[in-house]
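In what follows, a single structure is set out as structure tokens and then discussed.
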Amino acid sequence: MNRPRSSGPHDAGFAEPWQAEALALSIALQESSLLSPAEWSNTLGEEIEKARATGDPADGTTYYKHVVAALERLVAEKGLLTTAAIDQRRHDWEEAYRHTPHGRPVVLATPTDRAPIYKIRTSNLALNRTGFRNVDPRHS
């Protein structure tokens, strides 16, 4: 018998790799002293409450969307990335996704004419679409 998979924040596994990477990035930002645990907790809580006020279910199924929203908000507020850079990267990812044949991995090229995405060395993660990807530290 197959058990339904929990997608709540306390699940031992993650439905998608980006979910673990998003949480890892929040930890890396805290370990790098770029934000405090209280800032992270408060911002994540505010994003969850804002979503619930607009009808988001309180069942954990959208938890990682709130994690990403909190990360995007904090990196913009702290000047680590501009909202324009975040929006541009999301757009780039959506375009790459639309042009990727079914069954193939989506490859998001890093444009050479743009400033590099902010990298957190302790986690080797960088922002991409609505998630995060590993970054080779040799290219920092």
Scanning for something of a type in the set (D, E, K, R), closer than 30 Å to Val106 by Cα and part of a helix (DSSP H, G or I), does the stretch 45-52 turn up at least one residue?
-> yes
Residues being outside any loop (DSSP other than H, G, I, E, B) and at positive phi: count how many of those fall in the stretch 27-44.
-> 0
Quick check: anything in the stretch 101-118 part of a helix (DSSP H, G or I), at pLDDT 85 or above and either farther than 13 Å from Trp18 by Cβ or touching a strand residue (DSSP E or B) at 6+ places or on another chain (Cβ under 6 Å) (or both)?
-> no
Could you look through the stretch 61-96, keep only residues that are in a helix (DSSP H, G or I) and among the small types (Gly, Ala, Ser), and pick out the one that is surrounded by the most Cβ atoms within 10 Å (Cβ to Cβ)?
-> Ala70
Looking at the stretch 27-54, which of the residues that are touching a Ser or Thr at 6+ places or on another chain (Cβ under 6 Å) and either of a type in the set (Asp, Glu) or under 14 Å from Arg73 (Cα atoms) (or both) is modelled with the highest pLDDT?
-> Trp40
Give the number of residues within the stretch 48-68 that are of a type in the set (A, V, I, L, M, F, W, C), free of Cβ contacts under 8 Å to residues at least 12 places away in the same chain and in contact with a helix residue (DSSP H, G or I) (Cβ under 9 Å, 6 or more places away or on another chain).
-> 1
Considering residues that are assigned to a helix (DSSP H, G or I), modelled with pLDDT under 90 and hydroxyl-bearing (Ser, Thr, Tyr), the number found within the stretch 1-26 is 0
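The values are calculated or read from the model by the stated rules, or taken from the named source; none is laboratory data. The structure presented is a predicted model; accordingly, all values stated were derived computationally and were not measured. Note that each Cβ is placed from the backbone with ideal geometry, even for glycine, and that neighbours are counted across all protein chains shown.
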